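Here is the structure we will look at.
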Amino acid sequence: MRKMFTQTVIAIILVIAFHFSTTHLNAQASVAFQSRISGLNSPMEVHTAPGDNTRLFIVEKAGVIRIWNGTSLLGTPFLDISSLVVDNDERGLLSMAFHPDYQTNGYFFVYYNDNSGNLTIARYQVSGNPNVANGTATPVTPLVNLPKPFENHNGGHIQFKPESGINYLYVATGDGGEDRKSTRLNSSHITIS
């Protein structure tokens, strides 16, 4: 009898809790957009560097990475490779990733479509000024350069995931574009030491 009473009380509590939770879920939330940063041109991604939550690194499609320091957008870009990047349709500077050891080695990687439209991944390094990168890739030859003949389906993202002491750079590339019969290169990974 006592077990039945306990189960009944629990059932009543659950019904009441469900009623209040669904009433709350059906309420209209007030959502408003408030622009915090102006002066950007087609932002694609926002990142923080490992160990630094005071600055936001904003990837712009035209080939520029800008820094927001919490109060303003810095006038000098962190990196400007716009002369190397084609910016049309779905092409451009699409992603960046900081090396997991960025605090000690200063390396970061960018994913973009070069002036021939090829998917390119290159490594850069921060200069002596933490708000400005060296403008030349290291090594000068890109790490990856793959043909992408079509302007569409170039979507991409790069991201590090350290596993068992090895730093893997994962690459998502899109499906090759208009042709649909082209080589499917949807994702891969690169080992970076």
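Please state which of the following conditions Gln103 fails to meet, knowing it meets all the rest: (1) within 24 Å of Ile67 (Cβ to Cβ); (2) part of a strand (DSSP E or B).
(2)
Is there a residue being in contact (Cβ under 8 Å) with a residue 60 or more places away in the chain, in contact with a Gly (Cβ under 9 Å, 6 or more places away or on another chain), within 16 Å of Pro77 (Cβ to Cβ) and not hydroxyl-bearing (Ser, Thr, Tyr) anywhere in segment 131-152?
Let us first name the residues in segment 131-152 that are in contact (Cβ under 8 Å) with a residue 60 or more places away in the chain, namely 131, 133, 151-152.
Next cut, in contact with a Gly (Cβ under 9 Å, 6 or more places away or on another chain) only: 133, 151-152.
Okay, now just the ones that are also within 16 Å of Pro77 (Cβ to Cβ), so 133.
Those left that are additionally not hydroxyl-bearing (Ser, Thr, Tyr): 133.
Within segment 131-152, one or more residues are in contact (Cβ under 8 Å) with a residue 60 or more places away in the chain, in contact with a Gly (Cβ under 9 Å, 6 or more places away or on another chain), within 16 Å of Pro77 (Cβ to Cβ) and not hydroxyl-bearing (Ser, Thr, Tyr).
Report yes if some residue within segment 107-129 is of a type in the set (A, V, I, L, M), open to solvent by less than 60 Å² (accessible area, probe 1.4 Å) and in a loop (DSSP other than H, G, I, E, B); otherwise report no.
Our first condition is that a residue be of a type in the set (A, V, I, L, M); within segment 107-129, this holds for 110, 119, 121-122, 126.
Now restrict to residues that are open to solvent by less than 60 Å² (accessible area, probe 1.4 Å): 110, 119, 121-122, 126.
Filter once more, keeping what is in a loop (DSSP other than H, G, I, E, B): none.
No, every residue in segment 107-129 fails to be of a type in the set (A, V, I, L, M), open to solvent by less than 60 Å² (accessible area, probe 1.4 Å) and in a loop (DSSP other than H, G, I, E, B).
Which of the residues that make up segment 65-85 are free of Cβ contacts under 8 Å to residues at least 40 places away in the same chain and crowded, with 21+ Cβ neighbours inside 10 Å?
Arg66, Val85
Restricting attention to segment 149-167, which residues are at pLDDT below 80 and either under 18 Å from Arg55 (Cβ atoms) or more than 20 Å from the chain's Cα centre (by Cα) (or both)?
Passing the criteria: Pro149, Phe150, Glu151.
Can you find, within segment 168-189, the residue that is modelled with the lowest pLDDT among those that are open to solvent by less than 50 Å² (accessible area, probe 1.4 Å) and of a type in the set (Val, Ile, Thr)? Reasoning before the result, please.
Of all residues in segment 168-189, those open to solvent by less than 50 Å² (accessible area, probe 1.4 Å) come to 168-169, 171-177, 182.
Cutting the leftovers down to of a type in the set (Val, Ile, Thr) gives us 171, 173.
Numbers: Val171: 89, Thr173: 83.
Checking each candidate, the answer is Thr173.
Taking segment 88-100 only, how many residues are within 16 Å of Phe150 (Cα to Cα) and surrounded by fewer than 18 Cβ atoms within 10 Å (Cβ to Cβ)?
Residues flagged as within 16 Å of Phe150 (Cα to Cα) and surrounded by fewer than 18 Cβ atoms within 10 Å (Cβ to Cβ) within segment 88-100 amount to 3.
The values are calculated or read from the model by the stated rules, or taken from the named source; none is laboratory data. Just so it is clear, the model here is predicted, and its values are computed rather than measured. Glycine gets a Cβ as well: all are built from the backbone with ideal geometry, and neighbour counts include every protein chain shown. Side chains included, ligands, DNA and RNA excluded: accessible areas come from the protein's heavy atoms. Shrake-Rupley method; radii C 1.70, N 1.55, O 1.52, S 1.80 Å.
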